[in-house]
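Worksheet: the structure to be examined is printed underneath.
The values are calculated or read from the model by the stated rules, or taken from the named source; none is laboratory data. From a predicted model like this one, the values you see are computed outputs, not experimental measurements. Neighbour counts run over all protein chains shown; Cβ positions are idealised from the backbone, glycine included. The area values use the complete protein model at the heavy-atom level, side chains included, leaving out ligands, DNA and RNA. Shrake-Rupley method; radii C 1.70, N 1.55, O 1.52, S 1.80 Å.
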Amino acid sequence: MAASTAVRLLLAALPLMAGAQTAGPRLPGKGMAQHSFLYCGEWQNRSLTEQVIHVIRGGQVVWSYTNPLRGELGDCSMLPNGNILFSRQFGASEITPDKKIVWNYDAAPKTEMHTAWPVDGDRVLVMQNGNPAKAMILRKSTGVVEKEIVLPTKNPDGVHGQFRHIRMTADGHFLVAHMDLGKVVEYDAAGQPVWSVEAPSAWAAVRLKNGNTLISGNQHGYVREVNPKGETVWAVEKDDLPGIPLLTVQEVSRLANGHTLINNWCGSRPQAEWPQTVQLIEVDAKKKVVWALRDWSVLGPATSTHLLDGKSER
């Protein structure tokens, strides 16, 4: 009887073991081979230490980096020179393919940083949650803060819940997903609001080439495209995809072919449920799933994914 119990316990634990694949129906697409991509996520192994970034090419992990500093990984991009820029909750860093840190910025005490976005070869956009909260453009070569604008928050001392991703538009404006205020606001270069739309718990907002704005809804589990009038012209809601519920929607991006890539984060759920979660979802304009990635052998929860095949408007 004791042996039988031990076997049952072992089988129950298998999905959580390193390298285990989750059994389930075959998912659309080519699994890890669908795209070449850079991948990172918050709260890996329900921890703030030993957080890993991966590069996947040809369906295989070809490069990995474990951040030696404490903090969540929330924003990662591969630069044209092959370096990787990433946010790490309490700062931002840039590393070379041979894993040398060539730029580092530590956030101020009692603040957090979940955005690190390359403006150009020398400038980085960061969002420093805090009291006050500041969107800043940093110049890597000099260490100078070239520009900063103070942004309103619902709770100045609730630092963790203020912002995740912010971005810049082609005309130099700041497109800000106010997670705690439940709206997306576009600010001009002087920090004055010029456009806004209500968006519950907005995690990220991306200005598309068609002029619309793509928004993710965090724990509300939605992706919405709104036009300049603030009207929703396309959306995927929590239960719109049969068999693939949207949990916590973090980064979203639009591909050149009109498809949308969704990072479906599950870190707030019991860890025993993680292996059943589809991490990345690509849907077409008719909301048909063309790619669904569920591979927990190496990858953790999905927060930020940079496609490396040049097919994304991200």
Review point. Extension gain L208-V290, at 0.36 nm per residue separation less the Cα-Cα distance, in nm?
Key: 27.4 nm
Revision key, fill the gap. For region 39-146, the dipole about the Cα centre with charges only on Cβ (Lys and Arg +1, Asp and Glu -1), to the nearest 20 debye, works out at 100
Point to revise | Where trypsin sites (Lys or Arg not before Pro) fall in DSSP loop in region 47-103, at most 14 other Cβ within 10 Å | key: R70, K99, K100
Check your understanding: How many Å² of accessible area per residue for the chain, probe 1.4 Å?
Key -> 43
Practice item. List the longest stretch of the chain that has no exposed loop site; here a site is one of the GluC sites (Glu not before Pro) assigned by DSSP to anything other than H, G, I, E or B, with at most 11 other Cβ within 10 Å. Key: 51-230
Revision key, fill the gap. If one compares the long axis through the Cα atoms of helix 2-13 with the longest principal axis of the Cα atoms of the chain, the angle in degrees, nearest 10, works out at 30
Revision key, fill the gap. Of the candidates P156, N81, V124, the farthest towards the positive dipole end of region 65-176 (Lys/Arg Cβ +1, Asp/Glu Cβ -1, centred on the Cα centre) is P156
**Study point:** Hypothetical label at T49: residues of region 263-307 whose amide nitrogen lies under 14 Å (7 Å Cα-Cβ projection)
**Key:** none
Point to revise | Only Lys, Arg (+1) and Asp, Glu (-1) charged, at Cβ; region 153-246 dipole about Cα centre in debye | key: 140
Review point. Binned at 5 Å from 0, what are the whole-percent values of the Cα-Cα distance distribution for region 73-125, short to long?
Key: 5, 22, 33, 25, 11, 3, 1
Exercise for review: Could you tell me which of rounded, prolate or oblate describes region 32-99, using a ≥ b ≥ c as the square roots of the eigenvalues of the alpha-carbon gyration tensor, with rounded for a/c under 1.5 and, failing that, prolate when a/b is larger than b/c and oblate otherwise?
Suggested key: oblate
Check your understanding: Roughly to the nearest percent, how much of the accessible area of the chain is carbon and sulfur, given a 1.4 Å probe?
Key -> 54
Exercise for review: Would you kindly state how much longer the chain becomes between V119 and E198 on full extension, computed as 0.36 nm times their sequence separation minus their alpha carbon distance, in nm to one decimal?
Suggested key: 25.8 nm
Check your understanding: For region 170-314, what are the per-bin percents of Cα-Cα distances with bins 5 Å wide, up to the bin holding the maximum?
Key -> 2, 10, 20, 23, 20, 13, 7, 4, 1, 0
Check your understanding: Taking only DSSP H segments of four or more residues, each worth -39500 (n - 2.57), what value at 222 nm results for the chain once the sum is divided by all its residues, to the nearest 500 deg cm²/dmol?
Key -> -1000 deg cm²/dmol
Check your understanding: lysines near K147 by alpha-carbon distance under 30 Å, same-chain residues fewer than 8 away left out - which ones?
Key -> K99, K100, K110, K134, K183, K209, K229
Check your understanding: Beyond 33 Å, what share of the Cα-Cα pairs of the chain remains, rounded to the nearest whole percent?
Key -> 22
Point to revise | No Cys partner within the rule (Cβ under 4.7 Å), the chain | key: C266
